[in-house]
1. Using the heavy atoms of the protein chains alone and a 1.4 angstrom probe, what is the accessible area of region 128-209 per residue in square angstrom?
2. Can you list the residues, at least 5 places off or on another chain, whose amide H is less than 5 Å from the amide H of Trp189, using H built in the peptide plane?
3. On a full-extension model of 0.36 nm per residue, what is the gain between Thr97 and Glu145, subtracting their alpha-carbon distance, rounded to one decimal in nm?
4. Taking all protein chains as present, what is the carbon and sulfur share of the accessible area of region 134-210, in % to the nearest whole number, probe 1.4 Å?
5. With a cut-off of at most 11 other beta carbons within 10 Å, and DSSP calling the residue loop, which GluC sites (Glu not before Pro) in region 131-193 qualify? Please list them.
6. Return the sequence-ordered ³J(HN,Hα) values of region 193-204 in whole Hz as given by the Karplus equation 6.51 cos²θ - 1.76 cosθ + 1.60 applied to θ = phi - 60°, using x for Gly and Pro.
7. Under the 0.36 nm per residue contour assumption, what length would be gained going from the current alpha-carbon distance of Phe137 and Arg108 to full extension?
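The values are calculated or read from the model by the stated rules, or taken from the named source; none is laboratory data. Quick caveat: nothing in here was measured; it's all calculated off a predicted structure. Virtual Cβ from ideal backbone geometry, glycine too; neighbours counted across all protein chains shown. Heavy atoms of the whole protein, side chains included, go into the accessibility calculation; ligands, DNA and RNA do not. Shrake-Rupley method; radii C 1.70, N 1.55, O 1.52, S 1.80 Å.
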Amino acid sequence: MNSEIESVRQSGPQAGLDAGTWATAVEMYRNRYSFIAVGPRVHEEWLPDVAAVMRREVTDPRGWRGRDPERGDEELEEELAEELAEDPAFPFRVPPTSETGDAQWRSRLFGIPRSAVVRLLVMLATDVMDVSRQHGFADRRPGMEEHAQVILSRFPEGSRFLTNTRHGGDHPDFYERVTGCWPMTRYAWDFGLVAVSRAEVGLIWSFDAS
């Protein structure tokens, strides 16, 4: 394990961030079919760490609660038990481990600046992936942005952020209508964020399962 990664992990949460504020922020996605999870980063090349989160092989390094649409709902879990047994990463397409496969998987992700992350996180919590059509958004916006800032604060300066929607060039504004994505799951449409710090990898993903 990289000693620098280990030292950062042991340094603990960012100032002002704790299990309670994190849980409240994650609750912003309660009305969406969303997956929010953080796992440890133990590889310099972080794709295996992302795959481990998708396969539910690891738990949150800080013991904090995430959100998993396939867990916690007894009726849904019963329906999906066979699917999850066959593919623990459902509904994700797990990053492959071959060099060629890695390149193909990475080709669907595009880096975005830290300045764009809050609006992306808010967009992922809307019902229609189009903030301009979100009912009552003007009133909800301050609270949603505050929750998004909490999620972002877990990943310090120097972290990398990637999404599967290319929108607005080098300085995307996710409050504008998002019209396309490169699906990373079994569904025709899904939008998400991969956050990579020196100590952790995070997935915040919303699906259109219709």
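1. Values: 3830 Å² over 82 residues.
Solvent-accessible surface per residue comes out at 47 Å².
2. So Trp189 has HN proximity to Asp208.
3. Values: separation 48, 0.36 × 48 = 17.28 nm, distance 3.57 nm.
Contour length minus Cα-Cα distance gives 13.7 nm.
4. Numbers: 1700 of 3610 Å².
Accessible surface attributable to carbon and sulfur in region 134-210 totals 47 percent.
5. Numbers: sites: Glu145, Glu146, Glu157, Glu176; in loops: Glu157, Glu176.
Answer in residue order: Glu157.
6. Values per residue, Gly and Pro as x: 10, 9, 10, 10, 9, 6, 10, 9, 10, x, 10, 10 Hz.
7. Details: separation 29, 0.36 × 29 = 10.44 nm, distance 2.93 nm.
Working it through step by step, the gained length comes to 7.5 nm.
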